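*Asks:* Starting off with a structure, shown below.
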Amino acid sequence: METLQAILLGIVQGITEFLPVSSSGHLQIAKALLGVELEENLTFDVALHAATVLSTIVVLWSEVWRLLRGLFSRRFTPEQAYVLKLVVSMIPLGIVGFCFKDAIDEMLNSPGILLIVGSMLLVTAALLAFAYYARPRSKETISYRDAFIIGVAQAVAVMPGLSRSGSTIATGLLLGNRKSAVAQFSFLMVLAPILGETLLTVAKGDLTAGVAAAPLAAGFVAAFVTGCLACKFMIEIVKRGKLVWFALYCAAAGIVSIVSYFL
């Protein structure tokens, strides 16, 4: 892999991890366009995910620090309740990851991946449009029930092309939760799963030295910088309720992906 290719893939990952357009789907499309073959080398993908986790922590540091301080209180605090809701939201993804990880990996390497990605991007578009036009009541806090349902949406979003942030944010809005609360919860709930998957990959020794140090570092920096910008941008977009524009984009990208498969 060349350094320029690594930078471009890092930018794609950093932007699409937070925007509701599917990072996994866009990475597959970008790899196909750039002619990059990384199916047997997880090092680069792990580095990109680590970069976006770091960007989330940086952008939401005040909230992360508040939760960490309240977590170790002797009495049951609102911070502990929030962390518990985050844990509840991770249960569905843990079940899917444990039971279907091999099937998901096989799907990512299938010849029809562009068709799958395109179809799921259309589903993402429909979900975002529905959330935009729905007018549910606005609840101040996310309940444990809502946290679990949002977690189910995150688990379903392991399908390539189905946006994780789009699915979780749209689901949270449809459940009647406040826009800013949903956006923050969506970004925080993914930290532990990505960190856990990264540590598990490292522990299993699946990482190899197939990518040189320079492209690896360049991809990491590109994903981190663009991730910070995209995270801030997305929080503001959700507050203003402009998700419909991403629905239109996902629909167009889905059609292009499907057409590309048949061509």
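The values are calculated or read from the model by the stated rules, or taken from the named source; none is laboratory data. Everything quoted here is computed from the prediction, not taken from an experiment. A quick note on method: Cβ atoms are made from the backbone with ideal geometry, for glycine too, and the neighbour counts reach across all protein chains shown.
*Asks:* Exactly one condition in (1) over 23 Å from L8 (Cα atoms); (2) assigned to a helix (DSSP H, G or I); (3) charged (D, E, K, R) is false for K242; which is it?
*Replies:* (2)
*Asks:* Something else: For the range 205-227, does any single residue satisfy the condition of being of a type in the set (S, T, N, Q) and at pLDDT below 85?
*Replies:* The answer is yes, given that some residue of the range 205-227 is of a type in the set (S, T, N, Q) and at pLDDT below 85.
*Asks:* Could you check the range 67-115 and list, in sequence order, the residues that are without any contact (Cβ under 8 Å) to a residue 24 or more places away in the chain and assigned to a loop (DSSP other than H, G, I, E, B)?
*Replies:* Result: F72, S73, R74, R75, F76, T77, S110, P111.
*Asks:* Quick one: would you say G161 is within 28 Å of A30 (Cα to Cα), crowded, with 18+ Cβ neighbours inside 10 Å, modelled with pLDDT under 90 and under 18 Å from the mean Cα position of the chain (by Cα)?
*Replies:* yes
*Asks:* Based on this model, can you work out whether M120 counts as out of contact with any helix residue (DSSP H, G or I) (no Cβ under 6 Å at 6 or more places or on another chain), assigned to a helix (DSSP H, G or I) and crowded, with 21+ Cβ neighbours inside 10 Å?
*Replies:* Spelling it out, M120 is indeed out of contact with any helix residue (DSSP H, G or I) (no Cβ under 6 Å at 6 or more places or on another chain), assigned to a helix (DSSP H, G or I) and crowded, with 21+ Cβ neighbours inside 10 Å.
*Asks:* So, one more: One residue is enough: does the range 143-164 have a residue meeting the conditions touching a residue at least 40 places away in the same chain (Cβ under 8 Å), aromatic (F, W, Y), under 21 Å from E236 (Cα atoms) and not in a strand (DSSP E or B)?
*Replies:* no
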